[in-house]
Amino acid sequence: MATGMDEVREALKGIAQNQSQLLSAFESVSQRVTELEKDRRGAGKDGKVPETGIPARSATPLVAGFTKTPPLLPADAGSQSPPPSSLSTSSDVQSGFTSRIILTTYPKQIGIKPLPMEWGDADPMKRGPVTVSRAPSTIRRRNAIGAHGGSYSIYYALALASKELNPDHRPDFTNTEPAVNIGPFPQWGDKKKIVAMDPWGHQVPWLFRDIIDKENVDLRPTIAITKAHMKLPELEDSVRSGRLVPDGKVCLNSQGELAVTKFAVEPVWYLPGVAERFGIDEGTLRRSLFEHTGGMYPELITRGDIKVFLPPIGGLTVYVFGDPKSMSDPSKRLALRIHDECNGSDVFGSDICTCRPYLIFGIEEAVKEAQNGGSGVVIYFRKEGRALGEVTKYLVYNARKRGEDRASDYFKRTENIAGVKDMRFQALMPDILHWLGITKIDRMLSMSNMKHDAIVGQGIPIHERVELPESWIPADSRVEIDAKITAGYFTTGHRMTADELKAVQGRIWEDIDH
């Protein structure tokens with residue numbers, strides 16, 4: 001005799017079957033609508049689709065959607081506006097976009113079934129792929145918020161809008177495999193050690209080939225590994241002066257040309273882990289990211305079940321000299337330079353700071369360590385102007401040069417404009433070291449206490465800290481370096497008194513102009 005619970009179970013089964021049938025029907029309709037959209041985009045000037053003679057459709061209200069979202073309205077929606085149907089105009093046909101968009105998805109919507117994601121699982125198949133694409137075949141399977149490409153995702157959107165890129169394009173990953181093998185290391189399976197990048201990001205097309213092919217899910221790498229030669233004018237001087245000696249393997253010739261292995265990494269944030277690193281709760285992090293990016297990613301606050309976020313920021317590049325396997329070998333010495341981007345100095349040689357000199361010095365020392373049988377690593381983070389950006393940085397320069405540009409006021413100028421001395425927040429920086437399998441650093445080519453403390457705080461000991469030699473410091477950058485040393489940066493030399501610091505002055509504009 002059937003019980004009340006049996007009846008409930010049968011009713012639930014019936015609902016599930018109906019939902020399955022509805023989803024199947026919806027997929028069929030959605031696929032047909034997508035085909036019609038393609039035909040519409042291919043319509044000729046006469047309004048007819050080539051080869052068929054069928055009139056081009058007006059904007060289709062639902063394309064790969066799950067909710068009937070309202071059309072985009074003018075900013076002054078309270079005033080007299082045309083009815084929704086009139087908003088689907090010929091401009092929609094010309095652009096290839098419809099007047100209806102999906103702002104967000106919800107777990108209980110029909111067809112929403114994210115691919116399983118267990119961040120920190122040592123088995124990549126159990127961990128699952130980072131799935132972020134909003135392509136029609138993938139949007140229901142997403143387990144991450146954001147977009148591939150970091151800050152370049154905006155250019156991707158622009159390419160689609162201007163029809164320079166086919167929205168159906170899928171990358172062909174033939175021969176794109178990593179140039180060298182890396183890992184896996186135990187750190188990859190520790191959700192507290194890696195929270196800002198995907199440990200399996202370089203193997204996505206091959207690890208998850210079945211999901212890509214059989215389930216038609218758009219998955220893409222967030223890490224790429226290649227090999228190259230590096231040639232910088234200072235390195236030729238290094239060989240000429242005898243600081244570098246060509247060996248044909250690392251330093252290839254008398255021009256100072258170097259052999260290097262390069263790793264490009266896009267940021268992938270595990271939000272609970274990122275929040276923990278900063279000592280805040282996940283909800284506060286999500287809300288701040290949503291509000292202070294202008295509401296760019298609504299799912300940060302509507303999809304609490306999705307824990308992974310690909311932020312629209314720059315990533316990092318690792319430059320390895322010598323055998324990459326040596327990085328994780330505790331018996332081999334490791335020299336490391338963590339360098340934060342400074343376009344003005346690194347690329348264009350501005351002498352107002354020590355960034356390029358320290359970068360070149362770091363490369364030299366990394367090469368020497370590799371030539372001695374160890375490993376040399378330089379990691380370049382895109383954090384321009386202490387993550388304040390170049391506009392703020394140049395405003396600070398103006399304030400300095402219109403004043404007396406004294407070392408005693410160096411940080412005050414930045415705080416007056418930006419509100420803080422530094423927004424690089426090195427808490428997430430050590431993740432790349434864990435990913436590379438680095439367990440200790442023999443020579444840390446940095447004077448920054450923030451970098452030192454972040455690395456040591458993550459359980460990676462630093463045996464020696466190496467400051468930039470005096471002979472490498474440009475005259476106009478004394479303001480910067482002396483201010484930093486006095487503020488606590490590492491040095492084995494003299495720390496100035498407050499009065500001594502006031503006497504350190506940079507060039508003013510009159511000196512520059514002449």
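The values are calculated or read from the model by the stated rules, or taken from the named source; none is laboratory data. Here the structure is a predicted model, which is why all the values come from computation and not from measurement. Glycine also receives a Cβ, built like all others from the backbone with ideal geometry; neighbour counts cover every protein chain displayed. We work out accessible area using only protein heavy atoms, side chains counted, and drop any ligands, DNA or RNA first. Shrake-Rupley method; radii C 1.70, N 1.55, O 1.52, S 1.80 Å.
Structure above, values below:
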item	result
Restricting the stretch 425-514 to GluC sites (Glu not before Pro) in coil, as DSSP defines it, with at most 15 other Cβ within 10 Å	Glu464
Sum of side-chain charges, Glu118 neighbourhood, beta-carbon under 11 Å (Lys, Arg +1; Asp, Glu -1)	+2
Protein-only accessible surface order, largest first, of Met327, Met423 at 1.4 Å	Met423, Met327
FRET efficiency, Lys192 to Arg170 (Cβ-Cβ, R0 45 Å, nearest 0.05)	0.80
Under 5 Å, built H, 5+ apart or other chain: amide partners of Arg465	Met444
Estimated distance in nm for a label pair at Lys262 and Ala161, the labels positioned 7 Å out from Cα along Cα-to-Cβ	2.9 nm
Too-long pairs where the Cα-Cα distance tops 26 Å, listed order kept, from Lys325/Lys421; Lys191/Lys325; Lys163/Lys307; Lys192/Lys383	Lys325/Lys421; Lys163/Lys307
